[in-house]
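What follows is a set of notes on a single structure, which appears directly below.
The values are calculated or read from the model by the stated rules, or taken from the named source; none is laboratory data. Since the model is a prediction, treat every value here as computed from it, not as a measurement. Note that each Cβ is placed from the backbone with ideal geometry, even for glycine, and that neighbours are counted across all protein chains shown. In case anyone asks, the SASA skips ligands and DNA or RNA and just uses the protein heavy atoms, side chains included. Shrake-Rupley method; radii C 1.70, N 1.55, O 1.52, S 1.80 Å.
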Amino acid sequence: MASTSASTPSLPPVQTVWRIVRSGDPAKALVKDENAPVPKKIPKGYVLVKIQAASLNPVGFKLMQLAPNSFLQRVAENDFAGEVVDPNGEPRFKIGDQVFGTIPIPDSIKTGQGALAQYSYAPAKSIAHRPEGIPPNEASGIPIVAVTAHAALYQIGKLEAGQRIFINGGTTSVGLYAVQIAKALGCKVYASASGKNEEFLRNLGVDEFYDYTKQPIHEALVQNPPSSKFDVILEAVGNAFVPLYTHSEAYLAPNGAYISVGPTPHGLGETLSLLWNVFLRPKWAGGTRRRFKFIIPSKTGELLDEIAKMITDGKVKPFIDSVYKFDDVLSAYDKILIGHARGKIVVETA
Ligand SMILES: NC(=O)c1ccc[n+]([C@@H]2O[C@H](COP(=O)([O-])OP(=O)(O)OC[C@H]3O[C@@H](n4cnc5c(N)ncnc54)[C@H](OP(=O)(O)O)[C@@H]3O)[C@@H](O)[C@H]2O)c1
């Protein structure tokens, strides 16, 4: 575990943060505040961190675009790597510890803290020590997506060695962890992405590849189902993919699980289809006879320790798409908004 000096650093009175001030796309929603106070009073259960790097997650810009203004008055983003400057009585941490973690959205809404800052306090239970072999840029990209993939496969999917999993979105940041965790477990992995990512995914160990730009994925799977049905489907792109679920009796085992990372349907039609087909439609009226689960991960700190161990053991590798300077946050958002990054988009805050 990495650790540096143990003396209390003198903190500057002010810092630079990227603050959400109104709803809209990031260019409209965000302002750079160079005169934000460095937190002095840290609530119990939180640790003050000098942030070295932050990474973007789609939920960051989705909330900016969708949430009403009153939910938004806070520093942007959640995932970070940094150095503890005030452990605030938390016994697991001391000054100088190198850490990574996340400020969960409910905490961020309550406290106003966020990762696009030079100093932020985060819940001690959502932070772990950063192993020396994982540099801050890589570590900042781990928390939300790796914890989500891990929780989906183990806690919800109960995936076991030798089973079959289909990962819709093998190159999403969640998907990249899911592919690697499933392969490390000894599973047969089927995954989708656009054709340019086929070789990359096969090199990661993906056994069967589906190009979603050629044909809707549910059609490809109905026409050419796996020899034994999948034990788990992880929908890792994020708009629930209702047809992939409603056709799943053809390719998902009866006791298998369809796990979705998030319900962000495009427009009213998809929203109504999701509500009817997934939550309301009775089985006798054609409802799909398969388990559907949304994933909301918990126990972040514990899972971060486990994931860090998988990385240091060489079982899983973090992927970075691109790195931006702190002044250039809006370009980082331009990249994530396009939706075709392969790995995390990182912002160096130090
Ligand atoms: N429930 C939770 O707690 C939780 C946690 C984390 C993330 N999420 C959600 O999970 C989703 C993914 O997040 P992320 O950060 O992993 O995304 P990301 O890294 O930004 O995803 C980018 C990737 O998506 C792929 N992609 C785009 N459209 C696709 C499609 N139709 N089929 C297959 N692949 C497609 C792109 O591959 P190509 O270039 O080949 O198109 C690209 O590599 C988001 O909706 C996010 O909000 C939920």
Check: So residue 276 clears everything in (1) open to solvent by less than 20 Å² (accessible area, probe 1.4 Å); (2) within 25 Å of residue 215 (Cα to Cα); (3) more than 14 Å from the ligand (Cβ to nearest atom) except one condition, right? Which one?
Finding: (1)
Item checked: Residue that is farthest from the chain's Cα centre (by Cα), among those in segment 119-162 that are more than 22 Å from residue 330 (Cα to Cα), open to solvent by 10 Å² or more (accessible area, probe 1.4 Å) and hydroxyl-bearing (Ser, Thr, Tyr) -> 121
Margin query: Based on this model, can you work out whether residue 336 counts as in a strand (DSSP E or B) and in contact (Cβ under 8 Å) with a residue 12 or more places away in the chain?
Written below: no
Next item on the list: Would you kindly identify the strands (runs of 3 or more DSSP E) lying entirely within segment 1-118 that contain at least 2 residues that are open to solvent by 20 Å² or more (accessible area, probe 1.4 Å) and either closer than 18 Å to residue 137 by Cα or of a type in the set (A, V, I, L, M, F, W, C) (or both)?
Entry: 46-55
Checklist line | segment 131-148, residues that are assigned to a loop (DSSP other than H, G, I, E, B) and either acidic (Asp, Glu) or at positive phi (or both) | finding: 132
Checklist line | Close pairs from segment 221-243: first in the same structural domain as residue 260 (by TED's automatic domain parsing), partner within 12 Å of the ligand (Cβ to nearest atom) and open to solvent by 60 Å² or more (accessible area, probe 1.4 Å), Cβ under 6 Å, at least 6 apart | finding: 235/241; 240/263
Item checked: Complete set of residues in segment 157-174 that are over 22 Å from residue 312 (Cβ atoms) and within 11 Å of the ligand (Cβ to nearest atom) -> 167, 168, 169, 170, 171, 172
Check: Can you tell which of 301, 287, 269, 343 is touching a residue at least 60 places away in the same chain (Cβ under 8 Å) and within 29 Å of residue 218 (Cα to Cα)?
Finding: 343
Note to self: Of everything in segment 238-270, what is under 25 Å from the mean Cα position of the chain (by Cα) and at pLDDT below 80? Give them in sequence order.
What the structure shows: 239, 240, 263, 264, 265, 266, 267, 270
Check: What is the residue count in segment 245-270 for residues that are in contact with a strand residue (DSSP E or B) (Cβ under 8 Å, 6 or more places away or on another chain) and surrounded by 15 or more Cβ atoms within 10 Å (Cβ to Cβ)?
Finding: 16
Next item on the list: Identify the residue in segment 180-206 that is within 14 Å of the ligand (Cβ to nearest atom), over 18 Å from residue 251 (Cβ atoms) and in contact with a strand residue (DSSP E or B) (Cβ under 7 Å, 6 or more places away or on another chain) and, among all such residues, is least open to solvent (accessible area, probe 1.4 Å).
Entry: 201
Check: Within segment 40-63, can you find the residues that are farther than 20 Å from residue 329 by Cβ and not hydroxyl-bearing (Ser, Thr, Tyr)?
Finding: 40, 41, 42, 43, 44, 45, 47, 48
